[in-house]
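Reading through the C-alpha cells given below for one structure.
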Amino acid sequence: MRRASPVQRRTHMMSDEDDQTQDDAGVVTKTRAKTQRPPLYKVLILNDDYTPMEFVVHVLERFFGLSHAQAFELMLTVHKKGLAVVGVFSFEVAETKVAQVMDFARRHQHPLQCTMEKE
Ligand code: TYC
C-alpha cells in the first residue's frame, strides 16, 4: 500500500538554495529554500535653520561618500523639502552613520539631526 505522505530522500544538494528529493515511488522534487534578505534602513538628514550649508555638504562628502556636486545637490534638497534620504544600509551601518553624524555635528555645535528608519 502507498503511504499517504511519501518519504522524501535528499538525493544531492544542487546549490545552497536548491536541493532535490526523491520519494519512494521515484518522483524527484526540487525545492528552493527561501533566502531571507536582512532588513534595510534609510538614513535621513533633517533641515534646520542654523547649520551652515557648507557643513552639511561636508558631512555628506565625509560620511556618505558623495562627490561635492552630489553633496551640494542633496543638501539643497534637504534645505528645500525639510529632509532627504542620504543612504540605505544594514542596521549596523545605518546606526554607525547616524552616530558619526550626530557626534560630528555636536562637536561643532550645530543642531543638525540625522535619523534612521526601517525601509
Ligand atoms: N537650512 C540651513 C541653512 O539655511 C542649511 C541646512 C541644509 C541645514 C540641510 C541642515 O540638513 C540640513 N543654513
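Any read-out appearing in this document is the output of simple, stated calculations on the displayed coordinates, not a laboratory observation. These numbers come from a predicted model, not from an experiment. Using ideal geometry, Cβ is built from the backbone for each residue, glycine included, and neighbour counts are taken over all protein chains shown.
Just a few scattered comments:
- Tensor-based shape of the stretch 34-105 (alpha-carbon gyration tensor, a/c under 1.5 rounded, otherwise prolate or oblate): prolate
- Net lengthening on full extension, residue 46/residue 68 (0.36 nm per residue, minus Cα-Cα): 6.0 nm
- Straight-line cross-link reach from residue 34 at under 16 Å between alpha-carbon atoms covers these aspartates and glutamates, not counting any fewer than eight positions away in the same chain: 16, 17, 18, 19.
- The stretch 64-119 versus the stretch 30-53: alpha-carbon centroid distance in Å: 12
- Taking the fewest neighbouring Cβ atoms within 10 Å as the starting point, the ordered list for 95, 54 is 54, 95.
- Potential extension, residue 24-residue 96 segment - 0.36 nm per residue separation minus Cα distance: 20.6 nm
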